[in-house]
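The values are calculated or read from the model by the stated rules, or taken from the named source; none is laboratory data. Note that the structure is a prediction, hence the values are computed from the model and not measured. Counting neighbours? That spans all protein chains shown, and the Cβs are built from the backbone with ideal geometry, glycine included. Heads up: the accessible areas ignore ligands, DNA and RNA and are worked out on the full protein's heavy atoms, side chains in. Shrake-Rupley method; radii C 1.70, N 1.55, O 1.52, S 1.80 Å.
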Amino acid sequence: MKVFIDILTPKQGMLFSKLSKHLRENGHSIFLVTRAYREAVQLLSLKGTNALVVGKHGGENLSSKLTASVERTLKLTSIMTELRPDVAVSFSSPETSRVAFGLGIPHVCINDSPHAEAVARLTVPLATILLTPKAIPRTFGPSSEFQVRR
């Protein structure tokens, strides 16, 4: 199976380094991407995990964040179109969620941050599967629109 994994933060780097190693040991083909985020890139390097750097965060300004996200989405679209993964995995990456949904690729979304409502609104509805810790309530966010099914 071809597995596409998007790593956005050092915490995700820790989790996905282990996951990708486990998947490779079990015969799966893994393709890792990250974004230009110093701490995440450094951690991946320390762990000996190779990931293609695609795009950047965009900073504090909402317009800059949106522009960076759109640019990263376009780049990931090209990569996933060429790679044709069987599944995409992310820790609530808005770009990977959007691209996987748009290309009809199943998306495993992991989220342990119910307080990050904006990211949840952009990722959870597009997920094929949502993985979240048992400690997270089945409904979350001020509007309680999102339902977690376990």
With every protein chain in place, what's the accessible area of Leu15 (1.4 Å probe, Å², nearest 10)? 80
List, in order, the whole-Hz ³J(HN,Hα) value for each residue of segment 104-119 obtained from phi through the Karplus relation with A = 6.51, B = -1.76, C = 1.60 and θ = phi - 60°; use x for Gly and Pro. x, 9, x, 10, 8, 9, 10, 8, 10, 10, x, 6, 8, 5, 4, 5
Hey, got the dipole for segment 2-139? About the Cα centre, +1 on K and R Cβ, -1 on D and E Cβ, debye to the nearest 20? 160
Under a plain spin-label model, where a point goes 7 Å from the Cα along Cα-to-Cβ, how far apart in nm are Asn50 and Ser113? 2.9
I'd like the carbon and sulfur percentage of the solvent accessible area for segment 6-58, probe radius 1.4 Å, heavy atoms only, ligands and nucleic acids excluded. 55
Would you work out if segment 37-111 is rounded, prolate or oblate? Take a ≥ b ≥ c from the square roots of the eigenvalues of the alpha-carbon gyration tensor; rounded if a/c is under 1.5, else prolate when a/b is larger than b/c, oblate otherwise. oblate
Which entries of Lys56/Lys134; Lys2/Lys75; Lys21/Lys65; Lys2/Lys65 show an alpha-carbon separation above 27 angstrom in the structure shown? Lys56/Lys134; Lys21/Lys65; Lys2/Lys65
Just to make sure I understand: if all protein chains stay in place, what is the order of Phe16, Phe101, Phe91 by accessible area at 1.4 Å, largest first? Phe101, Phe91, Phe16
Sequence-distant or interchain residues sharing an amide H contact under 5 Å with Gly55, placed H: which? Ala36
Set of aspartates and glutamates near Lys47 by C-alpha distance (under 20 Å), chain-local residues within fewer than 8 positions excluded: Asp6, Glu25, Glu39
Search the structure for amide H atoms under 5 Å from the amide H of Ser92, placed 1.01 Å from N in the peptide plane, and list their residues when 5 or more places away or on another chain. Ile110
Quick one: if you take sqrt(5λ) for each eigenvalue of the C-alpha gyration tensor of segment 1-89, what semi-axes come out, biggest first, whole angstrom? 23, 17, 8
Karplus 3J(HN,Hα) series, Hz, for segment 76-82 with 6.51 cos²θ - 1.76 cosθ + 1.60 (x for Gly, Pro): 5, 4, 4, 5, 5, 4, 6
7 Å from Cα along Cα→Cβ at both Leu83 and Leu103: what's the point-to-point distance in nm? 0.7
Antiparallel DSSP beta bridges within the chain, percent to nearest 5: 10
Determine, for each peptide in 115-123, 61-69, the mean count of other beta carbons within 10 angstrom over its residues, then list the peptides with the highest first. 115-123, 61-69
As a test of the formula, what do you get for the chain when each DSSP H run with n ≥ 4 contributes -39,500 (n - 2.57) and the sum is divided by the residue count, at 222 nm and rounded to the nearest 500 deg cm²/dmol? -13500 deg cm²/dmol
Cβ-based charge dipole, the chain, positive-most Cα from Ser29, Ala120, Ile105: Ser29
May I ask you to give the solvent-accessible area per residue for the chain, in square angstrom, as obtained with a 1.4 angstrom probe? 57
